[in-house]
Structures are given as C-alpha cells and as structure tokens.
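Trainee: Can you keep this structure in mind? I'll have questions shortly.
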C-alpha cells in the first residue's frame, strides 16, 4: 500500500525523473547472432522457447552467444544430457499484452518448455498487475494450444531499485513495483487452475548483481546473463515442480 500512496504523492517527481531517464539513455540494440539452434548431442531432445522483452532478447550482451537463450540451452544440455532445440522469440519494449500479440503474429515451433521474461515494461507503462498477469495467463494457454507447451516458467523480476540508471526516489518506487509483481505472480502461479500447461513462478533471489549490468544501467551485461542462465538451468534441470507454484534452486 505504501508504494501506491507514495506514487500518488510523488507522481510529478517520479514522472519527471522517468522522462529524464528515457531522454538521457541511449537505447542499446538487440545483440546479433542466431535466434534458434541446437545445443548438445543427447539422444533425447528438450524443446525450449525463450519469450519476452529486451532482457529475453539479450539487450546488453554483445552477441546471442553471451545473452540468455543460447547460454540457457547450452547449460540445460550439459545438465540434463539431452540435446536442446531452442528458439528465441523476443522484442524490446514488449509488455505482457504485446508479447501475446507478438506470438500470434510469428511462427512459433512446438516446444516442451517456455521461459517467459516479462514484467519490467508492464511497470514502466503502468499496466495494473492484475491485468498483466491475466495476459501472462493468456500467453500460457496460447502456447499450450498452438505450440504444445507443457510447462511455462515466469522468472521473477530483478530488484529494480538496484538499476544504476534510476535516480531516487524513482529507483525506490520501481523496486516496490518489482516486488509487488513478484508477490502477485507467485500467488497467481500457486492458484493456476489448469492442469495443462503447468505454470510456475521462478524465484531469482541472489542472482542480481549491479556491477554486472550493461552500460545503460538498466539491462544485464554478459556476466549477469550468465548468472541468470545458470540459475534457470539449475531450477529446470532438477525437474521439480513445487506444489506452491514456485520453482526455486536449493
């Protein structure tokens, strides 16, 4: 509640700070490199989709080899002994609603598992959390119906108050919003009513490192993408779906 009260009281200042950040930050490009491929040589195959916004697309990394999707596939292949056929479907600026439209407008291959990285743009575009979660649920249902996806993982948002590009009190407010998203997403996943696809909120505690962020102070750098990929591979590789609707590393 305090974040909502603070936003009301501080709105002119928060709005002005957000506008200055947007105007003063040069957008980083999505990195070059393949957006689909295969890692590993195991006889069994795992089909992986990585879906989402600029962080899913690897903004802040110099190449897809050092971004999220391919390193995650590589780590999963090593951890599981399976070959991992991966596809990246991501675009800078996508909200949860826009991500659903993006999927519907593109060819989406069948997959076993999808990792969906969304939420920051919902916050910056002031999309109500309940509305954003409704769209994420629609994404999960669409993926099961159109790409046979059996499990959809939604990683938690990072601690946005640690983004060096954000001044105070904007950084504090963004951090409050990211935690609000994570609490709501965890409850939403725990109460997911459908047997298929399975949906999980993935906790990301301890993964964020401000010193490993990209030059814009807003996106991960290569070192942070490596940490994120390692954490997600550990969680997925254990193949344990926690009854609370959360997946977490030991």
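The numbers here are math on the coordinates, done by the rules we state, and not lab data. Source: prediction; values computed, not measured. Glycine gets a Cβ as well: all are built from the backbone with ideal geometry, and neighbour counts include every protein chain shown.
Trainee: What do you get for the angle between helix 69-80 and the principal long axis of the chain? Use alpha-carbon atoms, 0 to 90 degrees, nearest ten.
Mentor: Roughly 50 degrees, rounded to the nearest 10.
Trainee: With a 10 Å Cβ neighbour count serving as the proxy for reagent exposure, in which order, fewest first, do 103, 49, 13 appear?
Mentor: On the way: 103 22, 49 27, 13 14.
Sorted ascending by nearby Cβ count, the order is 13, 103, 49.
Trainee: Mind pulling the angle between the C-alpha long axis of helix 222-237 and the longest principal axis of the chain? Nearest 10 degrees, somewhere in 0 to 90.
Mentor: Approximately 50 degrees, to the nearest 10.
Trainee: At 222 nm, what helix-only mean residue ellipticity would the chain give, in deg cm²/dmol to the nearest 500, using -39500 (n - 2.57) for each DSSP H run of four or more? Could the numbers behind the result be given before it?
Mentor: On the way: 8 runs with 109 residues, N = 250.
Counting only the DSSP helices, I get -14000 deg cm²/dmol.
Trainee: Could you tell me the extents of region 35-247's C-alpha atoms along the three principal axes, largest first, rounded to whole Å?
Mentor: Cα spread of region 35-247 along its principal axes, largest to smallest: 52, 37, 33 Å.
Trainee: Which three extents, in angstrom, do the Cα atoms of region 73-135 have along their principal axes, listed largest first?
Mentor: Ordered largest first, region 73-135 gives principal extents of 42, 24, 20 Å.
Trainee: Between region 144-210 and region 66-80, what is the separation of their alpha carbon centroids in Å?
Mentor: 20
Trainee: How long are the semi-axes of the ellipsoid equivalent to region 1-157, from square roots of 5 times the Cα gyration tensor eigenvalues, in whole Å, largest first?
Mentor: Details: eigenvalues 203, 69, 33 Å².
Semi-axes from the Cα gyration tensor: 32, 19, 13 Å.
Trainee: Find the percent of Cα-Cα distances in region 45-93 that exceed 13 Å, and round it to a whole number.
Mentor: On the way: 629 of 1176 pairs.
Here the tail beyond 13 Å accounts for 53 percent of pairs.
Trainee: Which three extents, in angstrom, do the Cα atoms of region 149-234 have along their principal axes, listed largest first?
Mentor: 42, 27, 18
Trainee: Once you have the alpha carbon radius of gyration of region 134-178, what is it after dividing by 2.2 N^0.38 Å, with N set to its residue count? Could you put the intermediate results ahead of the total?
Mentor: Details: Rg = 15.7 Å, N = 45, 2.2 N^0.38 = 9.3 Å.
Cα Rg divided by the expected 2.2 N^0.38 Å: 1.68.
Trainee: Measure nothing but the geometry: give the 0 to 90° angle between the long axis through the Cα atoms of 129-147 and the longest principal axis through the Cα atoms of the chain, rounded to 10°.
Mentor: 20
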